[in-house]
Amino acid sequence: MPGTTTIGGRGEYFEWDLVYEDININVKNETQDDNRTLRRGEIYRYGVILYNEDGQPSSPKWVADIWVPPVDAEGDKWQVFQAKTCDNYTLRRIGVKFRLAKPIEGCTAW
């Protein structure tokens, strides 16, 4: 889409993108656990555990160190929330979506 950018990356076996979802919050009906998001301006280290055909896990394998943009990056795309009223607001929850870039020999699940 013209004028937009996707923040992501690619390694030998995995690709990833930062994704966001807007959720409507009513303060009176929500608990803090329902609204988890990655913190803006932080770096997160991600790894993967691979499983062979016998279901045996590998030790964790490093995938990427992923930086989440601060609130002021790229206009309001990464904003934290927008208030509608004192009790209602929209939260922009940020996460990471991983994809397998190519098959991994001997790996049946991850």
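All of the numbers you see were taken from the coordinates with simple rules; none came from a lab. Model, not experiment: these values are computed from the prediction. Don't worry about glycine lacking a Cβ; one is built from the backbone with ideal geometry, like all the others, and counts go over all protein chains shown.
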What is the sum of charges, Lys and Arg at +1 and Asp and Glu at -1, for the other residues whose Cβ falls under 10 Å from the Cβ of T108? -2
Expected output is a single nm value to one decimal: the length gained when fully extending between W62 and I23, i.e. 0.36 nm times separation in residues minus the C-alpha distance. What is it? 11.0 nm
State, to one decimal in nm, how far the label point of N88 lies from the label point of V71, with both points 7 Å from Cα in the Cβ direction. 2.3
